[in-house]
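Before any comments, here is the structure.
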């Protein structure tokens with residue numbers, strides 16, 4: 001279960017970045033494990049995600065069958081629901097299976113703000 005805490009600096013724009021190099025999920029077709037590095041970056045507002053709860057949440061995907069693209073979108077949407085950040089992006093760098101790599105990326109900027117513009121810019125210019 002994801003937990004949050006109060007940001008002591010909501011008036012400041014600053015990046016919070018998490019890297020989970022040992023992410024594992026299950027392929028919904030084969031049931032085989034998929035391995036990835038999950039990168040989460042966000043600009044907090046009032047709430048922030050507590051790191052231990054995030055770690056346990058990400059590890060829960062080990063028993064969860066979803067496509068790579070679904071995993072990054074689910075993670076992002078759950079974090080938006082928890083924190084309502086100004087901006088967030090999630091990248092999955094999945095280990096190749098069958099000779100192909102998949103690197104899904106999703107982002108969100110609060111509608112009607114400069115962060116929505118940031119999201120549009122980052123999406124247009126996204127590249128690993």
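Tabulated results
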read-out: Helical mean residue ellipticity (222 nm; -39500 (n - 2.57) per DSSP H run of 4+; nearest 500) of the chain; value: -8500 deg cm²/dmol
read-out: Likely footprinting exposure, 126, 9, fewest C-beta neighbours within 10 Å first; value: 9, 126
read-out: Fewest-first sequence of 117, 50 by Cβ atoms within 10 Å of each Cβ; value: 117, 50
read-out: Alpha-carbon centroid distance for the pair region 1-56 / region 67-112, whole angstrom; value: 10 Å
read-out: Footprinting exposure proxy for 23, 59 (fewest neighbouring C-beta atoms within 10 Å first); value: 59, 23
read-out: Selected from 41, 101, 25 as most flexible by GNM, with the chain as the system and alpha-carbon contacts under 10 Å; value: 101
read-out: Theoretical FRET efficiency, 1/(1+(r/R0)^6), r = Cβ-Cβ of residue 100 and residue 127, R0 25 Å, to 0.05; value: 0.85
read-out: Residues of region 84-99 with amide N under 15 Å of a point placed 7 Å along Cα→Cβ from residue 74; value: 92
read-out: Degrees between helix 68-83 axis and first principal axis of the chain (Cα, 0 to 90, nearest 10); value: 30 degrees
read-out: Of 14, 87, 105, the one that fluctuates the most in a GNM where the chain has Cα springs shorter than 10 Å; value: 14
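No value in this document is a laboratory result; all are computed from the given coordinates. Remember, it's a predicted structure, so these values are computed and weren't measured experimentally. Glycine gets a Cβ as well: all are built from the backbone with ideal geometry, and neighbour counts include every protein chain shown.
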